[in-house]
Every structure is written in C-alpha cells, then in structure tokens.
Amino acid sequence: MTGPRPLPGPVPEASPVDFEAHNESGGWTKRPKQDDGRFVRADYPFKGRIDPDGPFPPAPDRYVLYISWACPWAHRQAIVRRLKGLEQVIGLAVVDPVRDGRGWAFRLGQHLTGDPYNHFTLLRQTYDATEPDYPGHISVPVLWDSQTKTIVSNHFPDISLDLGSQFDAWAEHQDLDLYPVGLRDQIDALNQIVYRDVNNGVYRCGFARSQSAYDEAVQALFQTLDQLEARLADRTYLLGDRLTEADIRLYPTLARFDAVYVTHFKTNLRRLVDYPNLWDYARFLYQQPAFRSTTFFDQIKRHYFITHPHLNPSRIVPVGPQLDWEAPTQRAR
C-alpha cells in the first residue's frame with residue numbers, strides 16, 4: 001500500500017482561504033452549487049465497521065480517533081470514548097480548529113496533540129494513505145487502523161455506535177449501553193429527525209444560497225426544537241431516565257447553538273437559553289464529566305468564525321455570549 005505523500009517541513013499557522021476551496025467539514029472539492037440554493041452535505045465514503053468477524057476486529061491499542069474539538073460530528077465520538085472509559089484503549093489525536101487551503105492540520109498547542117501515532121502533519125495524509133491521491137471529501141472524525149495503516153471509517157454515525165459497543169472487553173464502563181436493543185427503534189427514529197432538522201439543519205440554514213432554502217431550513221429547525229422542548233418537559237433524557245445515543249447526537253449542536261449558530265448561521269429566531277427545558281437539559285449534560293471535558297468553546301468559536309470567511313469576512317471572533325453552563329439544573333435535583 002502506498003504511504004502518504006511527503007510534505008515539506010512543518011505546517012505553518014492556518015491562513016484561511018476562500019470557502020469555495022473546501023467545504024464545511026474540510027473537504028478539498030468544491031461544494032456543488034444547487035439551483036435552489038439548498039446546502040447538500042458531501043458523502044462520507046469510508047464506512048468500515050468494527051466487527052469481531054470482519055477486517056477490523058476490536059482490539060486495544062490498535063485504533064486511533066482523529067478529531068477536532070470544534071467539529072460537532074467529531075465531538076460525539078470523543079464523548080462516547082470518555083463515557084465508556086476507552087481513553088487507554090482508543091488513541092486520540094486532535095487537529096487545529098482553524099483550517100487553511102490544505103484542510104485540517106496537526107499542530108501543538110492548548111488542547112491540541114499533534115499526531116503522536118503517525119506523525120502526519122495534515123489530516124489528508126490519512127486519506128492518501130488509504131486511497132492514494134484521494135480526490136474527495138476530507139473530514140473529521142476519522143477512525144484509523146494502526147495495523148493496516150488505513151482509515152476504518154469517516155462515517156460519523158457508525159463510529160460512535162462501534163465505540164459504544166465493540167470495545168466492552170477493555171472498557172472501564174462495560175455496563176453502559178448507549179444503544180439498548182429495546183430502544184433502538186425509538187433512538188433511530190429520533191436520530192433521523194434530529195440529524196435532518198437540527199444537526200444538519202443548522203448547516204442548511206448557514207450555507208443556504210437562497211432565501212427560500214434558508215426559510216425552509218430555519219422553519220424545520222425551530223419546529224423540531226419546539227418539539228424537543230415539549231418532549232423534555234417531563235423526562236430527564238430524550239428517551240426517559242437513561243442516557244442514550246440520541247442525547248449524544250443532540251448535545252454537540254446545542255453546545256454550539258448560542259455561541260455560534262445564532263449569529264454565524266442566522267439561526268436567530270430563538271436562542272437555546274430561550275428554551276427552558278432544552279437549556280436545562282443542555283446544562284445537565286455539560287455538567288457531566290464526559291461532556292464538560294470534551295467541550296471547548298474557544299476552539300468551537302475560532303473554527304467557525306475564522307474558517308468561513310464568506311460568512312464572516314473580518315474573521316473576528318466574538319467575545320460573547322456570556323452563558324452560565326454551570327448554573328444548577330432542575331434535572332440535577
């Protein structure tokens with residue numbers, strides 16, 4: 001298998017380029033312009049699974065999770081890794097939150113790790129190592145197999161499921177089941193709606209190219225948030241009294257909502273703090289160690305406000321909003 005192409009020296013500090021040179025998750029191909037102005041998410045072509053009977057069986061010290069603390073799709077993987085107690089089982093490498101024209105880069109700094117496993121300087125090297133001269137979408141998260149030197153998956157819905165179920169033999173919290181059989185139909189149905197209208201819905205608002213596309217997306221977003229607000233009026237978590245995959249998929253969007261999406265993506269009909277139940281629920285999750293220790297608002301804000309110059313030409317990162325994520329919650333009582 002051909003290895004990654006060599007790069008000349010260390011990667012310098014990011015110098016953001018025109019948004020059309022990459023898409024919102026770090027791809028290198030231009031995002032297709034739709035006639036109706038709707039945002040279309042790129043494909044995630046690597047969809048291997050961790051399977052005892054497959055080419056990627058579960059094992060300790062074999063796999064590495066490449067993430068950005070800023071990316072909501074990667075954030076959920078870090079939460080699951082911490083919840084299950086897999087810090088000594090699955091490696092973790094964190095890219096710089098600010099991308100330049102070459103995409104996600106590894107640098108050392110606060111909450112950044114570089115790449116201690118492969119000593120890559122750019123995330124795209126993992127893609128080129130898997131498929132030489134890979135022409136498509138480059139994104140985090142990436143689940144990497146250190147034995148075969150290839151990407152297992154960049155398909156974020158599958159990665160969190162596999163982390164939550166396939167490494168129990170080595171997990172610190174083996175009994176934590178985030179995707180219980182008896183609730184899977186409900187979790188899947190809720191996840192489908194949340195992904196379409198909330199997780200991806202904020203991007204459909206922010207990257208809409210027409211008023212009609214934006215209006216359609218923002219209406220669906222807030223209708224769904226209204227429904228989630230009502231749902232959380234009489235339950236601790238989305239599915240009742242237990243934490244599930246559904247909560248882990250919703251939280252990263254809520255964590256970024258007021259800090260970024262309200263202004264940057266124009267999702268300003270209501271703020272998260274205007275929803276008593278959703279705001280209480282988001283704080284309740286944040287105050288649990290696996291969520292708090294993986295939520296870095298500085299990196300989140302730097303990523304969005306600096307990396308999308310067509311939305312924020314000045315690249316000024318706003319100082320606010322001031323939110324008390326540590327305020328006591330009704331759920332904690």
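The values are calculated or read from the model by the stated rules, or taken from the named source; none is laboratory data. Since the structure is predicted, the reported quantities are computational estimates derived from the model, not experimental observations. Cβ sites come from the backbone with ideal geometry, for glycine too, and all protein chains shown count toward neighbours.
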Inset, instruction - Being out of contact with any Phe, Trp or Tyr (no Cβ under 9 Å at 6 or more places or on another chain) and assigned to a strand (DSSP E or B) is the filter here, so list the residues in segment 109-139 that pass it. - result: Gly109
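What number of residues in segment 297-333 are outside any loop (DSSP other than H, G, I, E, B) and among the acidic types (Asp, Glu)?
Pass one, segment 297-333, residues outside any loop (DSSP other than H, G, I, E, B): 297-307.
The next check asks that each one be among the acidic types (Asp, Glu); those that pass are 298.
Total meeting the criteria: 1.
For (1) under 19 Å from Val94 (Cβ atoms); (2) assigned to a helix (DSSP H, G or I); (3) of a type in the set (S, T, N, Q), each residue gets a yes or a no:
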| position | (1), (2), (3) |
| --- | --- |
| Ala230 | no, yes, no |
| Arg283 | no, yes, no |
| Ala290 | yes, yes, no |
| Thr295 | yes, no, yes |
Legend entry - Extreme residue, surrounded by the fewest Cβ atoms within 10 Å (Cβ to Cβ), among residues of segment 247-267 that are under 16 Å from the mean Cα position of the chain (by Cα) and hydroxyl-bearing (Ser, Thr, Tyr): Tyr251
Legend entry - Unmet criterion (only one of (1) in a loop (DSSP other than H, G, I, E, B); (2) modelled with pLDDT of 95 or more; (3) touching a strand residue (DSSP E or B) at 6+ places or on another chain (Cβ under 7 Å)) for Ser15: (2)
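Only one residue in Phe257, Phe265, Phe297 is in contact (Cβ under 8 Å) with a residue 24 or more places away in the chain and in contact with a Leu (Cβ under 6 Å, 6 or more places away or on another chain). Which one? Reasoning before the result, please.
Values: Phe265 fails: in contact with a Leu (Cβ under 6 Å, 6 or more places away or on another chain); Phe297 fails: in contact with a Leu (Cβ under 6 Å, 6 or more places away or on another chain).
Going through Phe257, Phe265, Phe297 in turn, the sole match is Phe257.
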Inset, instruction - Kindly indicate whether Asp274 is free of Cβ contacts under 8 Å to residues at least 40 places away in the same chain and over 14 Å from Cys205 (Cα atoms). - result: yes
Inset, instruction - Within segment 79-104, track down each residue that is surrounded by 17 or more Cβ atoms within 10 Å (Cβ to Cβ) and at positive phi. - result: Gly103
Inset, instruction - Might you let me know whether segment 61-73 holds any residue that is more than 15 Å from Ala93 (Cα to Cα) and either outside any helix (DSSP H, G or I) or of a type in the set (Ser, Thr, Tyr) (or both)? - result: no
Inset, instruction - Kindly check whether there is at least one residue in segment 210-224 that is touching a strand residue (DSSP E or B) at 6+ places or on another chain (Cβ under 9 Å), surrounded by fewer than 18 Cβ atoms within 10 Å (Cβ to Cβ) and modelled with pLDDT of 95 or more. - result: no
Inset, instruction - Output the number of the condition that Pro180 fails; it satisfies all remaining conditions of (1) surrounded by 17 or more Cβ atoms within 10 Å (Cβ to Cβ); (2) within 14 Å of Ile248 (Cβ to Cβ); (3) not aliphatic (A, V, I, L, M). - result: (1)
Inset, instruction - Return only the number of the condition from (1) touching a residue at least 40 places away in the same chain (Cβ under 8 Å); (2) in contact with a Leu (Cβ under 9 Å, 6 or more places away or on another chain) that Gln288 does not satisfy. - result: (1)
Inset, instruction - Of the numbered conditions (1) within 17 Å of the chain's Cα centre (by Cα); (2) among the charged types (D, E, K, R); (3) within 28 Å of Gly103 (Cβ to Cβ), Arg292 fails exactly one; give the number of that condition. - result: (3)
Legend entry - Qualifying residue in segment 105-125 (condition: crowded, with 23+ Cβ neighbours inside 10 Å, more than 28 Å from His173 (Cα to Cα) and either of a type in the set (S, T, N, Q) or in contact with a Cys (Cβ under 9 Å, 6 or more places away or on another chain) (or both)): no
Legend entry - Evaluation of Arg270 against (1) of a type outside the set (Asp, Glu); (2) surrounded by 13 or more Cβ atoms within 10 Å (Cβ to Cβ); (3) modelled with pLDDT under 95 (one fails), failing number: (3)
Inset, instruction - Out of Ala74, Ala59, Ala78, Ala93, report the one residue that is touching an Asp or Glu at 6+ places or on another chain (Cβ under 9 Å) and either more than 30 Å from Ser212 (Cα to Cα) or at pLDDT 95 or above (or both). - result: Ala93
Inset, instruction - Return yes when Arg81 is among the basic types (Lys, Arg), assigned to a loop (DSSP other than H, G, I, E, B) and in contact (Cβ under 8 Å) with a residue 60 or more places away in the chain and no when it is not. - result: no
Legend entry - Conditions (1) closer than 30 Å to Gly201 by Cα; (2) modelled with pLDDT under 95; (3) of a type outside the set (A, V, I, L, M); number of the one not met by Phe46: (2)
Inset, instruction - Taking only segment 234-281 into account, find how many residues are in contact with a helix residue (DSSP H, G or I) (Cβ under 6 Å, 6 or more places away or on another chain) and outside any loop (DSSP other than H, G, I, E, B). - result: 22
